1. Across the range 119-148, what is the total count of residues that are buried (at least 20 other Cβ atoms within 10 Å of the Cβ) and of a type in the set (Asp, Glu)?
2. Among the residues of the range 44-63, is there at least one that is loosely packed, with under 15 Cβ neighbours inside 10 Å, small (Gly, Ala, Ser) and outside any strand (DSSP E or B)?
3. Would you check which residues across the range 64-84 are in contact with a helix residue (DSSP H, G or I) (Cβ under 9 Å, 6 or more places away or on another chain), surrounded by fewer than 18 Cβ atoms within 10 Å (Cβ to Cβ) and not acidic (Asp, Glu) and list them?
4. Specify the residue that is surrounded by the most Cβ atoms within 10 Å (Cβ to Cβ); the eligible residues are those in the range 20-29 that are within 21 Å of Ser95 (Cα to Cα) and touching an Asp or Glu at 6+ places or on another chain (Cβ under 6 Å).
5. Residues in the range 141-148: is at least one in contact with a Ser or Thr (Cβ under 8 Å, 6 or more places away or on another chain), at pLDDT 95 or above and not in a helix (DSSP H, G or I)?
6. Inspect all residues belonging to the range 169-178 and state whether any of them is at pLDDT 95 or above, out of contact with any Phe, Trp or Tyr (no Cβ under 8 Å at 6 or more places or on another chain) and surrounded by fewer than 16 Cβ atoms within 10 Å (Cβ to Cβ).
7. Specify which of the listed residues (Glu117, Glu133) is free of Cβ contacts under 8 Å to residues at least 40 places away in the same chain, more than 19 Å from Phe17 (Cα to Cα) and not polar (S, T, N, Q).
8. Pick out the one residue from Glu59, Glu51 that is charged (D, E, K, R), under 26 Å from Asp164 (Cα atoms) and touching a Phe, Trp or Tyr at 6+ places or on another chain (Cβ under 8 Å).
Amino acid sequence: MRQFLILAHRVPVGGAFTLNDLAGGGGRMDEVARVVSTAFTLSNDLRRDTELTILFSAEPPPRARRMRLDGRRLKFLSPDERSTAALLKNSLVRSAGVPRDVEASPGLLVGPADPIEELRAFASVPGTLWLTESGSPVTLEDVAGGSFRAVLSDPIDPTEPEVDCLTASGARARSLGPRSLRSSQCVDVLHHAADMTVSPSVVRSDEPSTGGSAPVP
C-alpha cells in the first residue's frame, strides 16, 4: 500500500472559492488538485494501491477538515486539474458544518479533524517518510516492495507545530534531490521509485544495480 498525507494550509475549509482562482482565493488548491491527480491517475487506470489524506488546516478545529481518498473505491476522478479541484471543492461544501464524516463521493471521505493530531497519528507509524529539502536522500530501501507512507506539504512550508510534530513522531526526513520540486512532482518521483522496486525489468540491462539502500537515481 502507498499512503500519502498532504498538508493544505490555505484552502478555504468550507469550499468557498471559485474554480477560476484556484491559486489565489483557492489557497493553492491548484497544487493540491495536482497532487491528487498525480497520486492516483495512470494512463488508462487509477492506482488502486494508493491512499491519500489531505489535512485542510486554514481554520482551527472543529472547522478544519480531513479528506481521505481510497484508490480501491475511488470514482469520478479525472486527470485534469480543474475537474479534480471541483471534486474536492464540492466535497468540502458537502462537509461544511457537518460534525461527522461524509462520503461525498465513492472512495472520498471528508469530515472534521484536529490536523496536528491527525498528522501525529500518521507520522508515528514506523517507516513514515517526511519529504523535505533538508532531509537525507530517499533510498530504494525507503520504498522497498513498492510500499511507503509519506508526508508532504503544499507550496507553503510546514508550520513550526507541524515540524515539531513530525520530528517528535520519528518520521524519516527525506529529500528527493538538490532542486526544489512541486508537491505533485514529489508524488510522481516517489511513485516512480516504488514502481522500480516491484518492476525491475523496466531498468535498462546496461545499468548497474543500485542495491537496496542506494539513493534513488
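1. 1
2. No - not one qualifying residue is present in the range 44-63.
3. First, the residues of the range 64-84 that are in contact with a helix residue (DSSP H, G or I) (Cβ under 9 Å, 6 or more places away or on another chain): 64-67, 69, 71, 74, 76-84.
Of the ones still in play, those that are also surrounded by fewer than 18 Cβ atoms within 10 Å (Cβ to Cβ) are 76, 78-80, 82-83.
Those that are in contact with a helix residue (DSSP H, G or I) (Cβ under 9 Å, 6 or more places away or on another chain), surrounded by fewer than 18 Cβ atoms within 10 Å (Cβ to Cβ) and not acidic (Asp, Glu): Phe76, Ser78, Pro79, Arg82, Ser83.
4. It comes out as Leu22.
5. No: the range 141-148 contains no residue that is in contact with a Ser or Thr (Cβ under 8 Å, 6 or more places away or on another chain), at pLDDT 95 or above and not in a helix (DSSP H, G or I).
6. Yes, the range 169-178 contains a residue that is at pLDDT 95 or above, out of contact with any Phe, Trp or Tyr (no Cβ under 8 Å at 6 or more places or on another chain) and surrounded by fewer than 16 Cβ atoms within 10 Å (Cβ to Cβ).
7. Values: Glu133 fails: free of Cβ contacts under 8 Å to residues at least 40 places away in the same chain.
Being free of Cβ contacts under 8 Å to residues at least 40 places away in the same chain, more than 19 Å from Phe17 (Cα to Cα) and not polar (S, T, N, Q) holds for just one of Glu117, Glu133, which is Glu117.
8. Details: Glu59 fails: touching a Phe, Trp or Tyr at 6+ places or on another chain (Cβ under 8 Å).
Result: Glu51 is the single residue among Glu59, Glu51 that is charged (D, E, K, R), under 26 Å from Asp164 (Cα atoms) and touching a Phe, Trp or Tyr at 6+ places or on another chain (Cβ under 8 Å).
The values are calculated or read from the model by the stated rules, or taken from the named source; none is laboratory data. The shown structure was predicted, so the numbers you read here are calculated from the model rather than taken from an experiment. All Cβ positions, even for glycine, are placed from backbone atoms using ideal geometry, and neighbour counts span all protein chains on display.
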